[in-house]
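To keep things clear, I will list the structure first and then write my remarks on it.
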Amino acid sequence: MDPEINLNKKRIRNGLRISVVLTAGLIAGLIGWLYRHHAQQERMISRATEVAQYYIKQNYHYDIEFTDSQILGKCVSSHIVLYGHIKGREDKKVNVTVNYENYEMIGIGGYVDLFPGDKDKFK
């Protein structure tokens with residue numbers, strides 16, 4: 001066999017090996033970033049939930065169970081919206097907005113009788 005053909009085959013194999021290693025490295029990096037991003041979002045939601053539950057308990061004496069959340073992007077606003085209900089009363093829906101940069105309450109809403117007079121409080 002021609003030595004030049006063998007040399008080209010080795011170059012191709014080495015190029016394929018490098019491509020495989022680089023691709024595997026990129027995939028591993030992406031998986032690591034996604035894991036860290038998800039973990040950060042979970043910490044943000046957990047902290048916002050603690051703040052909201054404490055605020056409602058202190059000011060309205062309700063125990064709230066949050067069942068869903070939505071993190072709004074910074075291009076929209078730096079807020080987390082938490083959705084839930086009073087514990088034991090799934091018909092008494094609540095939604096709370098918390099700023100995820102400083103974890104301050106932004107707004108509270110839901111069942112009308114739960115939060116009387118709060119419409120002007122968060123403006």
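The values are calculated or read from the model by the stated rules, or taken from the named source; none is laboratory data. As the structure is a prediction and not an experimental result, all values here were calculated from the model. Here the Cβ is made from the backbone with ideal geometry for all residues, glycine too, and neighbour counts use every protein chain on show.
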| Among (1) within 16 Å of His85 (Cβ to Cβ); (2) aromatic (Phe, Trp, Tyr); (3) in a helix (DSSP H, G or I) - the single one Tyr54 does not satisfy | (1)
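Conditions (1) under 20 Å from the mean Cα position of the chain (by Cα); (2) at pLDDT 90 or above, marked per residue:
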{"position": "Glu4", "(1), (2)": "no, no"}
{"position": "Arg11", "(1), (2)": "no, no"}
{"position": "Arg43", "(1), (2)": "yes, yes"}
{"position": "Gln53", "(1), (2)": "yes, yes"}
{"position": "Gly73", "(1), (2)": "yes, no"}
| said: Kindly evaluate Ala28 against the criterion of being over 20 Å from Gly107 (Cα atoms) and assigned to a helix (DSSP H, G or I). | reply: yes
| request: Filter region 17-53 down to residues that are closer than 18 Å to Glu101 by Cβ and of a type outside the set (A, V, I, L, M, F, W, C), then give me how many there are. | output: 9
| task | Considering only residues that are surrounded by 16 or more Cβ atoms within 10 Å (Cβ to Cβ) and within 19 Å of Thr67 (Cα to Cα), look in region 108-123 and name the one that is modelled with the lowest pLDDT. | result | Leu114
| Given the conditions (1) out of contact with any Lys or Arg (no Cβ under 8 Å at 6 or more places or on another chain); (2) closer than 13 Å to Ile108 by Cα; (3) among the aliphatic types (A, V, I, L, M), and given that Ile64 satisfies all but one, which numbered condition is not satisfied? | (1)
| task | Residues being surrounded by 12 or more Cβ atoms within 10 Å (Cβ to Cβ), of a type in the set (A, V, I, L, M, F, W, C) and outside any strand (DSSP E or B): count how many of those fall in region 61-97. | result | 1
| Which pairs do you get when a residue that is in contact (Cβ under 8 Å) with a residue 24 or more places away in the chain, found in region 77-97, comes within reach of a residue that is surrounded by fewer than 16 Cβ atoms within 10 Å (Cβ to Cβ) and outside any strand (DSSP E or B), reach meaning Cβ atoms under 6 angstrom, with the pair 6+ apart or on two chains? | His79/Leu72; Lys87/Asp63
